[in-house]
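Here's the structure, in structure tokens; my notes come after.
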Amino acid sequence: MDEQLFLKKLNNLCTSKEIFDFLSSLEIMSDTMASEALQRISEVEVDDSGLKNPGVLENEVFRALCLQFELESSKLSNSGLLNALQALVMLRIDPHSTLMARLLSESEERLGKGQLTVENLCALGESLLELESPNCVMLEQIVNHLQEKDIEKWSPREIVMVYKILQVTARERKQYQNLLNRLNSVTLPAVSQLSPNFASVILNSLVVLCQTQTIALVTALCKHSAKHLPYFTDYELVNVLDAFLYFGHCEQSFTEALETHVPESILTMHPQTVCKVMQYCCKKGILSKPIFDAVAESFISSADRLTTKQIAAYIIPFGTLNYLPPSASSLFRKLETELHTRLSHFQPHTLLNLLHSCVLIQRYPLNFLPKIFSPYFLQKLQAQPPGLNRVVTSQLTQLFLTVTLECPFYEGPKLLSKYQVKAFPMPHSSCDVHLLKRVKTGLLYLLKKRIYFASEVSTPYFYAVDIEIKLDEEGFVLPVAQCEEVHKRIALCVDGQNRFCANSHNLLGEEAIKQRHLQLLGYEVVQIPFFEIESLENCRKMSEYLHKKIFPRTYG
């Protein structure tokens, strides 16, 4: 039978029985046709969970095919040999069987003689990668041969396969960086031709191979991924998000595509994919209300099917980005139910992170604080990495301060002083130095002397104040060094972009709780956000703005 007609008929068959009946009706077929038949059997019988029907391997037609490949391995064409090998690997044939040993040995011999084309090399590499213990020597030989080929003529599939091979062979070495540089260069103009699967594989390879210099390629892949986002599998989307987190890349078009895709697909998404989406939004400071609202609804309906780690991954970003969804009451009622049911199943640090994120948005886990402040739980925190480091003790201290200031009716155990920090580290929302300098210059113009305000002031209450001004009972400004007759303290919070969610005027959770607590501690909090002062052109205009903001009664 003509090969083209054979392939057309073969690809229309949907069960292994139909394929075997079809093959039995033929008197003669080429090795290429036989290998295509094996490939079609593997497509029909293998899914994500493995071989669907192991009985296929006992079929007499299948066994006859395998015997022919075993006996005639040296006479096979390159495509026949490598297609058959690929199909048998997918069908999980024992790699130590005589059949597989013969095919692998023949492939290695032809590889050594340089008889394989780029397409052959990639097919062999793909088969080796699918084996549980790939032959790294053969993979390195493949890479060495590929380095000598004309990379400009490679197809997208061949490009992707070389990236996958390099993940295994070049992980700890630099000798293939020249090949990688050529590969990265030739991939850039080919990005628009990549399938979602290929784009995901390449991004994953760039992460594994630490290709941090390929910003142009990552940017192009990000824009390409935005167009094809609905077509990624869960696994592929996780790879894409991991890559963007690793490279620190963020593209508005990709965020917009996520905002459309996640609410539409949330019911069928794997929980781990949802966790990765929330991690991406959290790390990038992206407060996407469509995504967060959809995740909240998903949590309410399916929290009992989530692991404790997944519960934390769903909820923590709400606190970090300081957002309460419309379904907040149901969301936190469901969370409380899960905590009551599974409290002992949470890892100590996961539980602390979760409860700390809740207080950032004024959801107080009072029923669980006795456990958190108990010596036994604190010992468990100490015993597990990262132990009781500064970040952990800061979270504990902020939990304690929250219940002291915001829940005065709490009568449970308190946090022992030895576990409290003297000041909160605020690495994510440290003051914008340039912005602070402009505000200080404007204040000096307004108040005339530097003695009337202090900057970056440590308070007895763990927080640092960007700028502090003291007033007497009549509202006059006092020198900051004066401690007597202080009637009011004003805390100026000079909030740069790093204290807000990305492209938003929504304060981050850690800054919102700080300003809330300063107010409860007796300060008059005056917020100086970057978006109100970035357009002020000179010192006089800044001074007028500050006068109106800090002393509205005397302005004008």
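Working only within segment 487-497, note down all residues that are buried (at least 18 other Cβ atoms within 10 Å of the Cβ) and within 30 Å of the chain's Cα centre (by Cα).
Passing the criteria: D495, G496.
Pick from segment 398-428 the residues that are surrounded by fewer than 19 Cβ atoms within 10 Å (Cβ to Cβ) and under 23 Å from K283 (Cα atoms): which of them is farthest from the chain's Cα centre (by Cα)?
In this case the residue turns out to be P425.
Checking L267 against (1) within 23 Å of S504 (Cα to Cα); (2) of a type in the set (A, V, I, L, M, F, W, C); (3) open to solvent by 10 Å² or more (accessible area, probe 1.4 Å), which test does it fail?
(1)
Any residue at all in segment 88-107 that is open to solvent by less than 40 Å² (accessible area, probe 1.4 Å), over 22 Å from K8 (Cα atoms), of a type in the set (S, T, N, Q) and not in a helix (DSSP H, G or I)?
yes
Residue-by-condition table, conditions (1) open to solvent by 20 Å² or more (accessible area, probe 1.4 Å); (2) touching a residue at least 40 places away in the same chain (Cβ under 8 Å); (3) more than 36 Å from the chain's Cα centre (by Cα):
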| residue | (1), (2), (3) |
| --- | --- |
| V433 | yes, no, no |
| K440 | yes, no, yes |
| L443 | no, yes, yes |
| K448 | yes, no, yes |
| Y452 | yes, no, yes |
| E456 | yes, no, no |
| E473 | yes, no, yes |
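Of the residues L82, L7, which single one is aliphatic (A, V, I, L, M) and modelled with pLDDT of 90 or more?
From the options L82, L7, the qualifying one is L82.
I'd like to check which helices (runs of 4 or more DSSP H) are fully inside segment 348-397 and have at least 3 residues that are open to solvent by 20 Å² or more (accessible area, probe 1.4 Å) and under 17 Å from A312 (Cβ atoms).
Result: 348-360.
Can you pull out the residues in segment 270-295 that are closer than 19 Å to A312 by Cβ, assigned to a helix (DSSP H, G or I) and either open to solvent by 50 Å² or more (accessible area, probe 1.4 Å) or touching a Lys or Arg at 6+ places or on another chain (Cβ under 6 Å) (or both)?
Once the filter is applied, which keeps residues that are closer than 19 Å to A312 by Cβ, assigned to a helix (DSSP H, G or I) and either open to solvent by 50 Å² or more (accessible area, probe 1.4 Å) or touching a Lys or Arg at 6+ places or on another chain (Cβ under 6 Å) (or both), segment 270-295 yields Q272, Q279, K283.
Out of all the residues in segment 495-508, is one or more in contact with a Phe, Trp or Tyr (Cβ under 9 Å, 6 or more places away or on another chain) and hydroxyl-bearing (S, T, Y)?
no
Could you tell me whether segment 212-232 includes any residue that is assigned to a helix (DSSP H, G or I), more than 19 Å from the chain's Cα centre (by Cα) and without any contact (Cβ under 8 Å) to a residue 12 or more places away in the chain?
no
I'd like to know if segment 60-68 contains one or more residues that are of a type in the set (S, T, N, Q), under 26 Å from V186 (Cα atoms) and assigned to a helix (DSSP H, G or I).
No, that holds for no residue.
Can you find even one residue in segment 277-297 that is of a type in the set (V, I, T), under 27 Å from T212 (Cα atoms) and modelled with pLDDT of 95 or more?
yes
Out of the residues in segment 19-47 meeting the condition of being more than 19 Å from N83 (Cβ to Cβ) and touching a helix residue (DSSP H, G or I) at 6+ places or on another chain (Cβ under 9 Å), tell me which one is surrounded by the most Cβ atoms within 10 Å (Cβ to Cβ).
D21
The values are calculated or read from the model by the stated rules, or taken from the named source; none is laboratory data. Everything numeric here is computed off the predicted structure, so don't read it as measured data. Cβ coordinates were reconstructed from backbone atoms using ideal geometry, including for glycine residues, and neighbour counts include every protein chain displayed. Note: accessible area is taken over every heavy atom of the protein model, side chains too, but ligands, DNA and RNA are not part of it. Shrake-Rupley method; radii C 1.70, N 1.55, O 1.52, S 1.80 Å.
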